[in-house]
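Student: Okay, here's the structure, questions in a sec.
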Amino acid sequence: MRLSSSKMALWGIAAAAVLVALPAMADQKIGIVNASQLLEESPQGKAATEAMRAEFAPRQRTLQAQEQSLKAKYDKLQKDGATMSDDQRQRAEKELRDGQRDFERAKGEFQDDVTARRNEEMSRLQRTLIDEVRSYAKSQNYDLVLASEAALYSSQSYDITPQVLAALQAHAGKSAAPAAAPAPKPSK
């Protein structure tokens, strides 16, 4: 395949533009940050996870106890159902259905509350992490910092996650105690 002179000229201009741009690109300072690693390993992320666990543990224990109670009632109905009168069996079945319905509703409310709080906490934590990445990038004169999830490939030499994590750890020791989490909703 032969290239026409106009196409060769275009390729020549494009190649020259790339060659001219290479020295300018070499002066750029670029970093890559693994955001999920920061979320998991930063003191702020660990504190948020632990606060969520502590906030919802009582309700989770209540749900587990309720589930065990329902299982015990079901087992009793299976074991004694044949010897019960029709009236007793119907009452036990109704009690079991009502208990199961209440349990499913409480479990759904619990999941909704956990999801809402997790979203609130993750939003707050992401803002903190973004602020820290920006602060670190400005102090170290980075021209561009990308999330590793957005980069198709990057060399390890661009990864500044450990340095940002160290900055987050330093700020965690200096910062005041985190804002108190809202009181958990009473289980229903």
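Student: Residues with beta-carbon under 15 Å from that of ALA147, excluding ALA147: net charge, scoring Lys, Arg +1 and Asp, Glu -1?
Tutor: Local charge sum for ALA147: -3.
Student: Under 20 °C and 1.002 mPa s, how fast does the stretch 29-174 diffuse according to Stokes-Einstein, given a Kirkwood radius computed over C-alpha pairs? Answer in µm²/s, whole number.
Tutor: It diffuses with D of about 112 µm²/s by this estimate.
Student: List residues of the stretch 99-131, by number, whose backbone nitrogen lies under 11 Å from a label position 7 Å along Cα→C-beta of LEU77.
Tutor: 99-101
Student: Step through the residues of the stretch 82-99 one at a time and calculate ³J(HN,Hα) from phi using the Karplus curve (6.51 cos²θ - 1.76 cosθ + 1.60, θ = phi - 60°), rounding each to whole Hz and writing x for Gly and Pro.
Tutor: 5, 9, 7, 6, 4, 5, 5, 5, 5, 5, 5, 5, 5, 4, 5, 4, 4, x
Student: List the residues whose amide H sits under 5 Å from the amide H of ALA147, counting only those 5 or more places along or on another chain, with H placed 1.01 Å from N in the peptide plane.
Tutor: VAL33
Student: Next question, about the same structure. Please rank PHE110, PHE103, fewest neighbouring Cβ atoms within 10 Å first, as an exposure proxy.
Tutor: PHE103, PHE110
We did not get these values from a lab; they are worked out from the coordinates using the rules stated. Here the structure is a predicted model, which means the values were calculated and not measured. All Cβ positions, glycine included, derive from the backbone under ideal geometry; neighbour counts span all protein chains shown.
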